[in-house]
Each structure stands twice: as C-alpha cells, then as structure tokens.
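Sharing a structure below in structure tokens format, with a few things to ask.
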Amino acid sequence: MKNARNRKQPIKDLLNCEEKPVLEALYLESAVATDQLKRSPGILRKLTDVFNQITSRDFDQDKLLRYMINRRKAKDWPRLGPKAKKFKSVLNLLTSAQLETLKQIYLDLDMPSDEFLFDPNLMREVARRFEGLTGTRYNAPILIAAIVAKRKRGLWVKIREPFADIEAIGGNPG
C-alpha cells in the first residue's frame with residue numbers, strides 16, 4: 001500500500017486557499033486568457049515569477065498553467081470577458097493544406113489537444129512531423145495553438161481522453 005506522502009498530488013490541490021486568490025489576481029491583471037498564455041511566454045514567465053516571489057513558492061510555468069486550465073475546466077477560474085487581450089488567429093498563418101496536414105498529425109497522435117500544451121516532447125514531435133510532411137518549419141507553440149484553436153471551436157474531432165485531474169474533480173473514477 002502506498003504511503004500518502006508518495007501519492008501524486010492532484011493538480012486541483014496545487015495551491016492553498018491563500019495562494020489561489022493571488023494567482024487569480026495576477027491572471028486578471030495580465031488580461032491574457034489561459035489558452036493564450038503559451039503564446040505569450042514573457043507574460044506567463046512574469047506571472048509565474050511574481051506569483052513565486054509573493055508566495056515564496058517555486059513553481060514552474062507549465063505547472064501553474066496546467067493548474068489554471070484545470071480550474072477553468074472545472075468552472076473555478078475567473079473569466080476575462082471583453083477585457084482579454086486580443087491576438088491574431090494563428091489559423092491565418094497556415095494554408096488550408098497545412099491545416100489538413102496538421103489535422104492528420106493530431107489524429108495520428110491520438111492525444112487530447114490540451115495535452116500538447118504540457119508535453120515538450122509531444123510539441124517537438126508535432127513540429128518534426130509537420131516539417132517532414134510540408135517542408136515548412138513553424139515553432140511548435142504556433143502549431144499547437146492551431147490544433148487547440150481548431151479543436152476548441154469544434155472544427156476538429158475531440159479525442160476522448162480527458163485530463164485525469166478533471167475526472168477527479170467531477171468524481172468520475174479513472
């Protein structure tokens with residue numbers, strides 16, 4: 001039987017009740033939606049650095065972003081609404097043929113779109129395959145942003161493998 005100390009802490013329990021409002025305030029001040037934070041590495045880095053300084057913690061950017069996205073999916077995260085910073089759609093950067101190639105890569109890898117945001121190896125694999133198939137090189141975050149945008153708009157099929165963290169929040173057994 002596993003010792004309670006050795007169990008992996010669910011991402012939803014990453015912050016205590018004093019820390020969560022601090023991160024929420026910093027997020028609201030940044031005015032960059034969680035889905036856009038990967039596209040804005042400087043803002044995500046600053047948000048993480050300031051949060052760590054205020055709370056005397058040492059979280060990495062990906063862990064805090066994953067926390068925010070999980071909380072958003074659980075409807076326990078503030079919405080920016082109209083004050084959210086606007087970004088040009090990454091979808092305009094790719095041709096329709098390139099988007100079809102990217103769609104096939106997404107389907108072949110058979111991973112939920114949000115998983116690409118947190119796995120550097122998976123991001124590199126998408127970029128490698130894309131370049132191999134199209135002869136065009138794009139930074140992995142741009143390609144991942146396009147996958148997420150298409151998926152979230154309901155234009156691409158949903159890979160039905162939800163975050164384990166979200167299942168835990170909903171009380172669904174794995």
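Just so you know, all these numbers are worked out from the coordinates, no wet-lab data involved. Owing to the predicted nature of the structure, the values given are computational and were not obtained by experimental measurement. Neighbour counts are summed over all protein chains in view; Cβ atoms, including those assigned to glycine, are modelled from backbone coordinates with ideal geometry.
Just to check I understand the Karplus step: with θ = phi - 60° and J = 6.51 cos²θ - 1.76 cosθ + 1.60, what whole-Hz values come out for region 150-157, glycine and proline as x?
5, 5, 5, 7, x, 8, 10, 4
Report the full-extension gain for the segment residue 137 to residue 49: residue separation times 0.36 nm, less the Cα-Cα distance, to one decimal in nm.
28.6 nm
Across 5 Å bins from 0, what is the distribution of all Cα-Cα pair distances for region 12-83, in whole percents?
Histogram of Cα-Cα distances, whole percents per bin: 3, 17, 32, 30, 15, 3, 0.
Still on this structure, I have one more. Could you list the trypsin sites (Lys or Arg not before Pro) in region 1-94 that lie in coil according to DSSP, counting only those with at most 16 other Cβ atoms within 10 Å of their Cβ?
Listed in order of number, the matching sites are 2, 7, 8, 57, 75, 79, 85, 86, 88.
Still on this model: Report relative contact order for the chain in percent, whole number only (criteria: Cα-Cα under 8 Å, sequence separation at least 6).
Relative contact order, the chain: 22 percent.
How much length is gained on full extension from residue 74 to residue 91, taking 0.36 nm per residue of separation minus their Cα-Cα distance?
That pair, residue 74 and residue 91, stretches by 3.4 nm at full extension.
Given the DSSP H assignment, sum -39500 (n - 2.57) over each helix run of at least 4 residues in the chain and divide by its residue total; what's the result at 222 nm in deg cm²/dmol, nearest 500?
Estimated from H runs of four or more residues: -16000 deg cm²/dmol.
In the Gaussian network model of the chain, springs joining C-alpha atoms below 10 Å, which of 31, 97, 149 carries the largest mean-square fluctuation?
In the Gaussian network model the winner is 97.
What FRET efficiency, computed as 1/(1 + (r/R0)^6) with R0 = 25 Å and r the Cβ-Cβ distance, is obtained for residue 28 and residue 115, rounded to the nearest 0.05?
0.45
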